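To start, the structure under review is shown below, and the notes come after it.
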Amino acid sequence: MHEIDRLVAGIAPDPGPGATPIARELLEEITSVPVPEPRRRGRPRRWAAVPVLATLAALLSFGVAQAPASAALDIEIVDDHYVITVKDLMAEPEVYQRELRARGLDITLDLVPTSASLTGQMIVIHDLDRLRSGRPVPVEGPITTIDSPGPCERFLGCPIGVKVPVDFGKKAEITLGRRALPGERYKMPPGIAIPGEPLHCVDYVNQTVAEVSALLRERGVTPSYISYGRPAGPSAPDGWYVHDGVMSADGQALLLVGAEPSTQRSPVPESRC
């Protein structure tokens, strides 16, 4: 498993072996490190550690009749499926749950802050009870995304909505990334090299702390560091190696570092660069 998978594994409820202690430690550090005031500046792989992953880009209208103006969700029935899009990304969680349960759907929708590159991305757990019991959950599930027409530039796809069978009777959980507010830490942290992030197409793994830190600072990003068994901090030995990294807030990155080069690395796919 690539190190970024361990980071992402901490986003969803513990699926078992995928959420390692370091994953939980890294996510805890991401959500606990104070973030300074952001500066003003200009604006496919599957995450194997998450049992079931669906992606949702900017949630727009599907072109069917709109829900009442006061609704946070647009939920319509099309061909024996609920077609669901989000109208209000800043609504309180209980508003989403109330509107979903009014249709008989035991689905929890949680919006979490993230970067512009992952805004609209969605993690879907189709059968929460099965997952919590320790049984395997199929990768493909009954909740599916609706793809937008035309070409897509995003490496995780460009769906515009989600479809749920009207007779869906399981307990599901959906985590949706929304754009972080100024000063918010990310709860859906993107890798530092994915499209839209500062080291996109930079093969930084096993470069030194000094080299990667310099690249980030040139791009207006302040790094902090964490290593196995040690808390995050503002410094690390320049000669250590960078194993992985995520953006923890606007203009802030968290690097996983070690005294030895990582033995688990994936080359940057040329098709994405």
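The values are calculated or read from the model by the stated rules, or taken from the named source; none is laboratory data. The structure presented is a predicted model; accordingly, all values stated were derived computationally and were not measured. Glycine also receives a Cβ, built like all others from the backbone with ideal geometry; neighbour counts cover every protein chain displayed. Note: areas computed on protein heavy atoms with side chains; ligands, DNA, RNA excluded. Shrake-Rupley method; radii C 1.70, N 1.55, O 1.52, S 1.80 Å.
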Kirkwood estimate for segment 189-267, i.e. one over the average of 1/r between Cα atoms, Å: 12.2
Per residue accessible area in Å² of segment 189-267, where ligands, DNA and RNA are left out and the probe is 1.4 Å: 40
Average projection area in nm² (convex hull over Cα atoms of segment 73-179, one quarter of hull surface): 7.4
Cα-centred dipole magnitude for segment 189-267, charges only on beta-carbon of K, R (+1) and D, E (-1), debye, nearest 20: 120
Segments 250-257, 216-223 sorted - mean Cβ within 10 Å per residue, highest first: 250-257, 216-223
Portion, in percent, of the accessible area of segment 189-267 that falls on carbon or sulfur, probe 1.4 Å: 52
